[in-house]
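Student: Have a look at this one before I ask anything.
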Amino acid sequence: MPADLKDRLEQASRDAGRSLTSEIVNRLERSFGATQTAEASPNVKDIRTGELISELMDRYPPGLISIRIGRGATDDDEED
C-alpha cells in the first residue's frame, strides 16, 4: 500500500474513532454497496450486524455499552 494512502486511511480512522482495519473494511463495504444503498434511499446506511458490533467495540471501551441481539419481543415487551 502506498505510504500516503496509508497515512490518509490512518488519519480517517482516527477521525472516525475506529481501528485502521475497521476503516478499511467500512470503506470497502461502502464501495461495494454504494449503488444498492443509493438506489434504496440516500439517507440509509447499509451496515451488517457484525460490522456494527465491530464499530461499536472499536469506538467504546469495554463495559461502556451493552449489546443485545435478538428478534421479536423481549420479556420487557410482553404483556401479562
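The values are calculated or read from the model by the stated rules, or taken from the named source; none is laboratory data. In this text, all values refer to a predicted model and were calculated from it rather than measured experimentally. Cβ atoms come from the backbone with ideal geometry, glycine included; neighbour counts cover every protein chain shown. For the accessible areas, the whole protein counts, side chains as well, though only heavy atoms, and no ligand, DNA or RNA atoms are used. Shrake-Rupley method; radii C 1.70, N 1.55, O 1.52, S 1.80 Å.
Student: Answer with yes or no whether ALA38 is of a type in the set (A, V, I, L, M, F, W, C), open to solvent by less than 80 Å² (accessible area, probe 1.4 Å) and modelled with pLDDT under 70.
Tutor: Judged against the criteria, ALA38 is a match.
Yes or no, residue by residue, for (1) aliphatic (A, V, I, L, M); (2) surrounded by 10 or more Cβ atoms within 10 Å (Cβ to Cβ); (3) modelled with pLDDT under 90:
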residue	(1), (2), (3)
ALA3	yes, no, no
LEU9	yes, yes, no
LEU28	yes, yes, yes
PRO62	no, no, yes
ALA73	yes, no, yes
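Student: Any residue in the stretch 1-16 that's under 17 Å from LEU28 (Cβ atoms): show its pairings with residues that are surrounded by 13 or more Cβ atoms within 10 Å (Cβ to Cβ) and among the hydrophobic types (A, V, I, L, M, F, W, C) at Cβ separation under 6 Å, as long as the two are six or more apart or on different chains.
Tutor: From the stretch 1-16, the pairs are GLU10/LEU20; SER13/LEU20.
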